[in-house]
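Heads up: the structure comes next, in structure tokens.
The values are calculated or read from the model by the stated rules, or taken from the named source; none is laboratory data. Since this is a predicted model, take the numbers as computed values, not measurements. Every residue, glycine among them, receives a Cβ derived from its backbone with ideal geometry; neighbour counts consider all protein chains shown. To get the accessible areas, we keep the full protein, side chains included, count just its heavy atoms, and leave off ligands, DNA and RNA. Shrake-Rupley method; radii C 1.70, N 1.55, O 1.52, S 1.80 Å.
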Amino acid sequence: MEFSDVVKNRYSCKKYDTRKVDRARLNTILEAGRLAPTAKNLQEQHVYVIESEENLAKIDKATPCRYGAPTVLVVAFDKNNVFTYPGGKRDSGIEDASIVATHLMLAAANEGVDSCWLNFFDPDELAKDLGLSENEEILMLLDLGYAAEGAGPLDNHNSRKELSETVTYI
Ligand SMILES: Cc1cc2nc3c(=O)[nH]c(=O)nc-3n(C[C@H](O)[C@H](O)[C@H](O)COP(=O)(O)O)c2cc1C
């Protein structure tokens, strides 16, 4: 798909049917995450693929926002392997993991796989529940699957500010 179509077609899917995402498509999506840039090329991300009933139940305990997706990606990063920016106030962890997550989300759209980015959960509680190590912080969850019949973008999907409101040439 043309990149502009991927960006236009993607929307946050909030109702999935039971169709699973096949391994080949999932691998293509994960590969796009692997190729994401990270500060100093540290690659501190780790992506967990959740498909088992046991772990999907943990996602459902953490958030009401799985919407029936058969696959959930957990994007985490190693807090001990981030690049601290000059000034010492910020580091690359959240940014790097966000870029990885964005690659995953757009690659899913390119593969015809619907998705929704989730942050409505307590990342520390979920990390503990999934047995992640102390040094790993969860950035976000990505629901993956196929939209149920009749599901589609919410009304706010087409409500974006004009470029003139968000861009200034200075
Ligand atoms: C950082 C971020 C966090 C989000 N968290 C959630 C969430 O926890 N639950 C949810 O249903 N949607 C979540 N969304 C989806 C947004 O609600 C959605 O992207 C936004 O309303 C625009 O709709 P669209 O993606 O269909 O264009 C999140 C999106 C982003 C970018």
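Brief remarks follow.
- With all protein chains in place and ligands, DNA and RNA left out, the 1.4 Å accessible area ranks Tyr85, Tyr146 as Tyr85, Tyr146, largest first.
- Per-residue SASA entry for Met1, accessible area with 1.4 Å probe, Å² rounded to 10: 120
- Total lysine pairs whose alpha carbons fall under 25 Å of each other in region 7-148 (8 or more apart, or interchain): 15
- Protection proxy ranking of 150-156, 62-68, 103-109 - average other beta-carbon atoms within 10 Å, highest first: 103-109, 62-68, 150-156
- Highest to lowest packing among 122-130, 49-57, scored as the average C-beta count within 10 Å: 122-130, 49-57
- The listed residues Ile170, Ile29 rank as Ile170, Ile29 when sorted by accessible area, largest first, using a 1.4 Å probe.
- Rg ratio (alpha-carbon, reference 2.2 N^0.38 Å) - region 103-147: 1.35
- Sites Glu165 and Asn80, calculated FRET efficiency, Cβ-Cβ separation with R0 41 Å, nearest 0.05: 0.55
- Here the contact order of the chain, divided by its residue count and restricted to Cα pairs under 8 Å and six or more residues apart, works out to 34 percent.
- Gyration tensor verdict on the chain (Cα atoms; rounded if a/c is under 1.5, prolate if a/b is larger than b/c, oblate otherwise): oblate
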